Amino acid sequence: MLERVSGLTFNRDFFAGYSPERINPGDKEHRVATIRKVTSGSTPEVADIIDDLYREIITAGTHKAPNIRVAEAAKVIENTQRDLNIALMNELSVLFARLDIDTRAVLEAAGTKWNFLPFRPGLVGGHCIGVDPYYLTDKAEKVGYIPQVILAGRRINDNMGRYVARTTIKKMIQNGIDVTRATVGVLGLTFKENCPDIRNSKVIDIIREFQDFGIRVVAEDPYADAGELAREYPGVAFGSIAPDAQVDALVVAVAHQQYASRTADDLRALLRGDKPVLADVKSLFDQQALARAGITAWRL
């Protein structure tokens with residue numbers, strides 16, 4: 001495009017440098033300067049210039065890739081690998097629920113092995129992990145290869161919002177709650193904890209599934225911008241979930257610090273009825289404490 005508009009020739013009159021994004025929103029420890037940077041250029045000489053430039057600000061150092069395609073492929077598989085590992089945990093969570101085994105307890109036990117990877121089940125949203133695998137599979141199909149594992153992981157993760165909502169509804173029915181007249185509260189709408197980013201948040205999948213069953217949903221998030229939420233998610237009621245505005249069931253969808261610090265009694269105060277239900281998506285709370293507070297809780 002630059003050649004067409006400018007009349008210049010690539011790698012003769014102008015050049016390109018590339019460094020894929022490596023940032024973890026909301027992470028106070030892993031910042032731009034403290035994350036090793038992958039760099040690349042359209043010629044070896046330009047690659048050196050780009051690498052030298054980034055070395056001026058990246059205290060963690062750089063890794064100069066052989067070319068731009070390698071640098072971009074590295075970025076895509078970083079997120080694809082994480083997507084697949086979380087998909088495995090999500091599938092195990094679904095399986096263990098049917099076996100009446102607590103997934104968190106299993107992962108804590110397995111985590112005592114030195115080389116066990118500490119992934120956890122959960123919603124996979126955001127502008128990278130839930131998106132990049134599709135770039136890779138699209139490219140694969142264009143060169144005649146139909147990916148199997150990558151798309152299987154995507155299917156699992158894309159269905160977790162529906163799974164969370166439907167499991168919560170089952171618990172509500174089992175507890176005698178009239179779901180047609182019930183209100184469910186959702187705590188957290190961003191794609192990850194302690195950040196305002198709602199791009200590709202899978203919490204909306206939970207909300208839409210509840211709404212498809214005719215259940216009223218009210219949602220809140222201390223970080224997300226109210227105007228942006230209204231624009232992105234029309235038809236969703238945003239408000240405060242408080243003791244004076246109780247709900248029949250609660251989904252704690254995002255591990256914001258404001259939610260993680262709450263006690264079982266704090267949560268019980270938000271719930272009405274004798275047998276309310278709580279979905280602890282991020283496994284934040286002590287299950288026994290919730291049971292003592294009169295809450296029927298489940299978690300991934």
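Scan the range 56-67 and tell me whether some residue there is assigned to a helix (DSSP H, G or I), of a type outside the set (Phe, Trp, Tyr) and open to solvent by 20 Å² or more (accessible area, probe 1.4 Å). Checked the range 56-67: no residue is assigned to a helix (DSSP H, G or I), of a type outside the set (Phe, Trp, Tyr) and open to solvent by 20 Å² or more (accessible area, probe 1.4 Å). Could you go through the range 59-67 and let me know if any residue there is closer than 30 Å to residue 197 by Cα and touching a Phe, Trp or Tyr at 6+ places or on another chain (Cβ under 7 Å). Yes: one or more hits.
Looking only at residues in the range 1-27 that are basic (Lys, Arg) and over 15 Å from residue 78 (Cβ atoms), the one that is least open to solvent (accessible area, probe 1.4 Å) is 12.
Only one of 108, 78 is of a type in the set (Asp, Glu) and buried (at least 16 other Cβ atoms within 10 Å of the Cβ); which? Give the derivation first.
Working: 108 fails: buried (at least 16 other Cβ atoms within 10 Å of the Cβ).
Going through 108, 78 in turn, the sole match is 78.
Do we have any residue at all in the range 1-14 that's at pLDDT 95 or above, touching a strand residue (DSSP E or B) at 6+ places or on another chain (Cβ under 9 Å) and of a type in the set (D, E, K, R)? Yes, the range 1-14 contains a residue that is at pLDDT 95 or above, touching a strand residue (DSSP E or B) at 6+ places or on another chain (Cβ under 9 Å) and of a type in the set (D, E, K, R). Counted as qualifying within the range 214-300 are the helices (runs of 4 or more DSSP H) with 3 or more residues that are open to solvent by 50 Å² or more (accessible area, probe 1.4 Å), namely 226-232, 264-268, 287-292. Residue pairs whose Cβ atoms lie under 9 Å apart, separated by 6 or more positions or on different chains, with the first residue in the range 1-20 and closer than 20 Å to residue 39 by Cβ and the second basic (Lys, Arg), are 19/37; 20/37; 20/75.
Residues that are more than 27 Å from residue 75 (Cβ to Cβ), buried (at least 17 other Cβ atoms within 10 Å of the Cβ), touching a residue at least 60 places away in the same chain (Cβ under 8 Å) and out of contact with any strand residue (DSSP E or B) (no Cβ under 8 Å at 6 or more places or on another chain): does the range 150-164 have at least one? So far as the range 150-164 goes, yes, one or more of its residues are more than 27 Å from residue 75 (Cβ to Cβ), buried (at least 17 other Cβ atoms within 10 Å of the Cβ), touching a residue at least 60 places away in the same chain (Cβ under 8 Å) and out of contact with any strand residue (DSSP E or B) (no Cβ under 8 Å at 6 or more places or on another chain). In the range 107-127, the residues that are at pLDDT below 95 form Cβ pairs under 7 Å with partners that are among the basic types (Lys, Arg) and open to solvent by less than 80 Å² (accessible area, probe 1.4 Å), at six or more places apart or across chains, as follows: 123/202; 124/202; 125/202; 126/192.
The values are calculated or read from the model by the stated rules, or taken from the named source; none is laboratory data. Computed from a predicted structure; not experimentally measured. When we count neighbours, we look across all protein chains shown, and the Cβ atoms used for this are built from the backbone with ideal geometry, even at glycine. All accessible areas refer to the heavy atoms of the entire protein, side chains included, with ligands and DNA or RNA removed. Shrake-Rupley method; radii C 1.70, N 1.55, O 1.52, S 1.80 Å.
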